[in-house]
Amino acid sequence: HADRAKFESKRSGRNTLYFFNASMRNEADLYIELTSAIKAGLQKDEFEVYYQPIYDLRQGAYTRCEALMRWRRGGKDMVSPADFIPVAEQSGLIIELGAWLADEVFNCYQIMQAAGLPMRFSINRSAQEFSSLRHTQHFMNLQEKRDIPTHDITLEITESLLMSDNRTKSDNFQLLKEHGFLFSIDDFGTGYSAINYLRSYPAETLKIDRSFIWELGKSEQADVLVRVIIQLAQALGIAVVAEGVETPQQLELLRDMGCDYIQGFYLAKPMPQSEFKDFIRDAVAAS
Ligand code: C2E
Ligand code: MG
Ligand code: MG
Ligand code: MG
């Protein structure tokens, strides 16, 4: 059969046969195809960084933003990071992509400073980027070369990364922390949320996952959970960002709950660098 591959493997001393059916084969093909397309895309400059403003409820101003990767594959259709980041992670290409993004972000940081629009930037970092001190060193070299203050850069990591009990990862984490970078726990509430990790890896901010925010005002349980997460975080000295805020009702509820920062389509979508600069400039002018 053409689309049926047979694999043999030695497992616990005996031969085990694995059959890949057509749909699994397609998945493998897709993976290979995507991997080489990402490689080519890097060479052809198809990747872009979008920036989503983050609003500080207390200051009443946009003081932060999150950098989000975009891929205009073949120069036309935009591929969602949800589709290519996992492949980039699995193939190791996330290392190159992450380094490229970091330098773009540091450049944007300088552009905003020069325009008199100071901002703190958040960068998503994958577990793979914590797998070798070399990657971290390279990241820090990029930051040092451009003389970016580390306390203006937040690294967003997920709970699963915090929970993996791995020496190299914690060494990388420690190095970045000692260097002055800030950390944020992304998608909070979707992992195992072991409260202990909030203590052992003190993050500066925590981002409540948008699945909780969507339920606000609709489910009493969601309201209670969000309120308690905010109180717990703040009691530990951690500021809270609500992700995926799409309505004024959600924003007002979060304000009442004492939430620190708001991020979501209701205020602003992720946008290209030049548009982002205009957006922030207009917001400053209007305030
Ligand atoms: P994330 O870090 O949790 O990023 C927030 C995601 O929520 C972004 O999706 C953003 O566009 C989306 N979002 C923001 N506000 C709203 C809203 O009001 N409603 C809805 N429905 N969505 C909203 P995006 O850009 O598609 O990124 C998806 C994920 O891909 C990110 O989730 C992050 O985990 C990953 N990612 C993106 N860029 C990078 C990167 O440069 N490096 C790494 N390692 N991962 C990245
Ligand atoms: Mg994030
Ligand atoms: Mg998130
Ligand atoms: Mg997410």
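The values are calculated or read from the model by the stated rules, or taken from the named source; none is laboratory data. Because the structure is predicted, anything quoted here is derived from the model rather than measured. Note that each Cβ is placed from the backbone with ideal geometry, even for glycine, and that neighbours are counted across all protein chains shown. Calculation scope for accessible area: heavy atoms of the full protein, side chains included, ligands and nucleic acids excluded. Shrake-Rupley method; radii C 1.70, N 1.55, O 1.52, S 1.80 Å.
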Next item on the list: Could you list which residues have their amide H under 5 Å from that of Met271, counting only those 5 or more apart in sequence or on another chain, with H placed in the peptide plane?
Entry: Tyr51, Gln52
Check: Can you give the helix-only mean residue ellipticity at 222 nm for the chain, where every DSSP H stretch with n ≥ 4 adds -39500 (n - 2.57) and the sum goes over all residues, rounded to the nearest 500 deg cm²/dmol?
Finding: -15000 deg cm²/dmol
Item checked: Interatomic Cα distance distribution for segment 133-187, bins of 10 angstrom, percent -> 23, 56, 20, 1
Checklist line | Whole-Å distance, taken between Cα centres, linking segment 191-230 and segment 47-126 | finding: 23
Margin query: Counting heavy atoms of the protein chains only and a 1.4 Å probe, report the per residue accessible area for segment 184-287 as a whole number of Å².
Written below: 52
Check: In segment 215-287, carbon and sulfur make up what percent of the accessible area (probe 1.4 Å)?
Finding: 52
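Return the subset of Lys39/Lys145; Lys44/Lys145; Lys44/Lys269; Lys76/Lys145; Lys177/Lys218; Lys44/Lys177 for which the Cα-Cα distance in this structure is over 30 Å, preserving the input order.
Violating the 30 Å Cα-Cα cut-off are Lys76/Lys145; Lys177/Lys218; Lys44/Lys177.
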Margin query: As a test of the definition: which semi-axes, in Å, follow for segment 238-287 when you take the square root of five times each eigenvalue of its alpha carbon gyration tensor? Largest first, please.
Written below: 22, 12, 11
Check: What is the calculated FRET efficiency for Val224 to Leu57, with r their C-beta to C-beta distance and R₀ = 25 Å, to the nearest 0.05?
Finding: 0.80
Checklist line | Tilt relative to the chain, helix 22-43 - C-alpha long axis, 0 to 90 degrees, to 10 | finding: 60
Check: Karplus couplings for segment 66-77 from phi (6.51 cos²θ - 1.76 cosθ + 1.60, θ = phi - 60°), rounded to Hz, Gly and Pro as x?
Finding: 10, 7, 10, 6, 10, 10, 9, 5, x, x, 10, 5
Notebook entry, point to check: What's the angle, to the nearest 10 degrees (0 to 90), between helix 167-179's Cα axis and the longest principal axis of the chain?
Noted result: 30
Next item on the list: Translational diffusion coefficient, Stokes-Einstein: compute it for the chain using the Kirkwood radius over C-alpha pairs as Rh, at 25 °C and 0.890 mPa s, and state it as an integer in µm² s⁻¹.
Entry: 118
Notebook entry, point to check: Taking square-rooted eigenvalues a ≥ b ≥ c of the alpha carbon gyration tensor, is segment 180-286 rounded, prolate or oblate, where a/c under 1.5 means rounded and, failing that, a/b exceeding b/c means prolate?
Noted result: oblate
Next item on the list: Give, rounded to the nearest 20 debye, the magnitude of the charge dipole that segment 118-246 has about its Cα centre when Lys and Arg contribute +1 at Cβ and Asp and Glu contribute -1 at Cβ.
Entry: 320
Notebook entry, point to check: Of all trypsin sites (Lys or Arg not before Pro) in segment 180-262, which ones are in loop regions per DSSP and have a Cβ with at most 14 other Cβ atoms within 10 Å?
Noted result: Lys218
Notebook entry, point to check: Quick one: what does P(r) look like for segment 34-83 with 5 Å bins over all Cα pairs, in whole %?
Noted result: 5, 18, 23, 17, 9, 10, 8, 6, 3, 0
Margin query: I'd like the Karplus ³J(HN,Hα) series for segment 79-92: coefficients 6.51, -1.76, 1.60, θ = phi - 60°, whole numbers in Hz, and an x wherever there's a Gly or Pro.
Written below: 9, 6, x, 4, 8, 9, 4, x, 5, 4, 5, 5, 8, x
Check: If amide H atoms are built 1.01 Å from N in the plane of the peptide, which residues on other chains or at least 5 residues away come under 5 Å of the amide H of Leu155?
Finding: Ile123, Leu182, Phe183, Ser184
Next item on the list: In whole Hz, with x marking every Gly and Pro, tabulate ³J(HN,Hα) for segment 122-134 from phi via Karplus 6.51 cos²θ - 1.76 cosθ + 1.60, θ = phi - 60°.
Entry: 10, 10, 7, 10, 7, 3, 4, 6, 9, 8, 8, 5, 4
Item checked: Under 5 Å, built H, 5+ apart or other chain: amide partners of Leu57 -> Tyr261, Ile262
